[in-house]
Amino acid sequence: MKFAIIKERKNPPDRRVVFSPSKLAEAKKQFPEAVFTVESSNIRVFPDQEYKNAGFEVSNNVSDCDVMIGVKEVPIEALIPNKKYFFFSHTIKKQPYNRKLLQAILDKNIELYDHETIVNQKGFRLIGFGRYAGIVGAYNGFRAWGLKFNTWELPKAGPLPNQAALIQELNSLNIPNIKILLTGSGKVANGAQEMLDAMGITPVSVNDYLNKTFNEPVYCKIDVLDYNKRKDSKVIDNFDFFDNPQDYESNFMRFAKVTDYYIAGHFYGDGAPYLYTREDVKSKDFNIKVVADISCDVDGPVATTLRASTIADPIYGYDPESEKEIDFKNEKAITVMAVDNLPCELPQDASEGFGEMFLQHVIPAFFNNDSDGILNRAKITENGKLTEHFSYLQDYVDGKG
């Protein structure tokens, strides 16, 4: 089996890669029968020479390989027919902008495996960049705070080499006695929590967060049953919320009343209540001044997120009264950081971590007859058709959905 680590061709350029040189060497050691070739790239965070030094062929032509492994969408003109491809295709939610990409994949008889569809038997994702989104998102939120209030000027995350460098910058700050709220319980929220803990910010309970004042900055990490409540006031469990979101309403405003900086690291499911609405933001009880919306659901559950921002221009202001975008330094503005590709700003760490997960869960499936069903569950297309599990995309492919 011949694997190619392909060049990232999407704009804006993405410096991440699925396998770093050291992790690829580890893969070769574990699976000596595998052949790995690296497609030459002038933007990758790891230079071609590092792969050569690790003993791998670096080539401008990888068309003799069987499996193509990348990060972002592959441009249609770069797709090689009759191959297996791994990348984030952004098609499984019927994203209109990638309809032609999925059509081309079918036309070219490509077997598509989306990193998002690599799940265990219970449907939980096995690999992703979520932790790194959380790490960079929390950092960017503190950067936004400093720019909003002219209290400090943190450098952008992108030019810094790794998470340790981000932490070093944060630890140089004199954080005021603010209350920081973090929503979520998955990899994104945990990544953000890593940064708060590394700064020595004190975690506090929901009860203390809501009812006490502190002489130091504190944070509270909350999950779905903290900021949602059943309409009939029963308390059941998280699974009831996921199964019956229509039976719940938001209880977030009790947190908004006492929060200064909010980090949105939760997953938002269809049908769940919005955390806060545009009407909520108009309330005199809404105290949040800076929002780092890592989840970045535009016009969704975090009502201040009007659009995704960019790494080049990551911050904008939200005016509660007009419900429009304004300068984030305006005294009326709630400052919003809503970059939707945050891991791109930490390419080295993100690549190392992603490769570790890919080596653990995906590469073995090619050599153990897919004994855990990893490939079977993840496969979106085969023999020019959608697989059964992804047949719901047919109307999307046909231009109807």
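All of the numbers you see were taken from the coordinates with simple rules; none came from a lab. This structure is a prediction, so every number in the text was calculated from the model and none was measured. Virtual Cβ from ideal backbone geometry, glycine too; neighbours counted across all protein chains shown.
Report the relative contact order of region 156-271, percent, no decimals, based on alpha-carbon pairs under 8 angstrom and at least 6 residues apart.
Over region 156-271, the number comes to 36 percent.
Taking the Cβ of residue 61 as the centre, find all other residues whose Cβ is under 12 Å away and add up their charges (Lys, Arg: +1; Asp, Glu: -1).
Summing Lys and Arg as +1 and Asp and Glu as -1 gives -2.
Check cross-link reach from residue 329 to the lysines: straight Cα distance under 28 Å, and skip same-chain residues fewer than eight apart.
Answer for residue 329, where 28 Å is the Cα cut-off: 148, 156, 179, 221, 257, 282, 284, 289, listed by chain and number.
Relative contact order for the chain: what is it in percent, counting Cα pairs under 8 Å that are at least 6 residues apart?
Relative contact order comes out at 18 percent.
For region 1-146, what D do you get in µm² per second when you plug the Kirkwood radius from alpha-carbon pairs into Stokes-Einstein at 10 °C and 1.306 mPa s?
Reported coefficient: 95 µm²/s.
Given Cα pairs under 8 Å that are at least 6 residues apart, what percent is the relative contact order of region 130-345?
Normalised by residue count, the contact order of region 130-345 is 22 percent.
Restricting to the chain, compute how many DSSP beta bridges are antiparallel as a %, nearest 5.
25 percent
Quick one: which residues, 5 or more positions from residue 381 or on another chain, have an amide H under 5 Å from its amide H? H modelled 1.01 Å from N in the peptide plane, none for Pro or chain starts.
112, 387
Under 5 Å between amide H atoms, partner at least 5 residues away or on a different chain: which partners does residue 267 have, H built in plane at 1.01 Å?
Under 5 Å from the amide H of residue 267 lie the amide H atoms of 185, each far enough along the sequence or on another chain.
In region 40-125, which chymotrypsin sites (Phe, Trp or Tyr not before Pro) are in a loop and have at most 12 other Cβ atoms within 10 Å, using DSSP for the loop call?
In loop regions of region 40-125 (DSSP not H, G, I, E or B), the sparsely surrounded chymotrypsin sites (Phe, Trp or Tyr not before Pro) are 124.
Which of the lysines could be linked to residue 100 by a straight reach, that is with a Cα gap under 19 Å, when you skip same-chain ones fewer than 8 residues away?
Reachable lysines: 10, 72, 83, 84, 108, 379, 385, 400.
Mind jotting down the three principal axis lengths of region 243-307 based on Cα atoms? Whole angstrom, largest first.
If we take the Cα atoms of region 243-307, the spans are 32, 23, 17 Å.
So if I take the centroid of the Cα atoms in region 317-360 and the same for region 30-72, what is the distance between those two points in Å?
30 Å
Check which residues have an amide H placed less than 5 Å from residue 222's amide H, if you skip close sequence neighbours.
HN-HN under 5 Å from residue 222: 182, 183, 184.
What size of dipole, in debye to the nearest 20, comes out for the chain about its Cα centre when the only charges are +1 on Lys and Arg C-beta atoms and -1 on Asp and Glu C-beta atoms?
The calculation lands at about 220 debye.
Find, to one decimal place in angstroms, the Kirkwood hydrodynamic radius of region 130-345, where the mean of 1/r is taken over every pair of different Cα atoms and then inverted.
Hydrodynamic radius (Kirkwood, Cα pairs) of region 130-345 is 17.3 Å.
What's the ranking of 190-198, 306-314 by average number of surrounding C-beta atoms within 10 Å, highest first?
190-198, 306-314
For region 112-160, which trypsin sites (Lys or Arg not before Pro) pass both filters: DSSP loop (anything but H, G, I, E, B) and at most 12 other C-beta atoms within 10 Å?
Loop-located and lightly packed - 122.
Translational diffusion coefficient, Stokes-Einstein: compute it for the chain using the Kirkwood radius over C-alpha pairs as Rh, at 37 °C and 0.692 mPa s, and state it as an integer in µm² s⁻¹.
145 µm²/s
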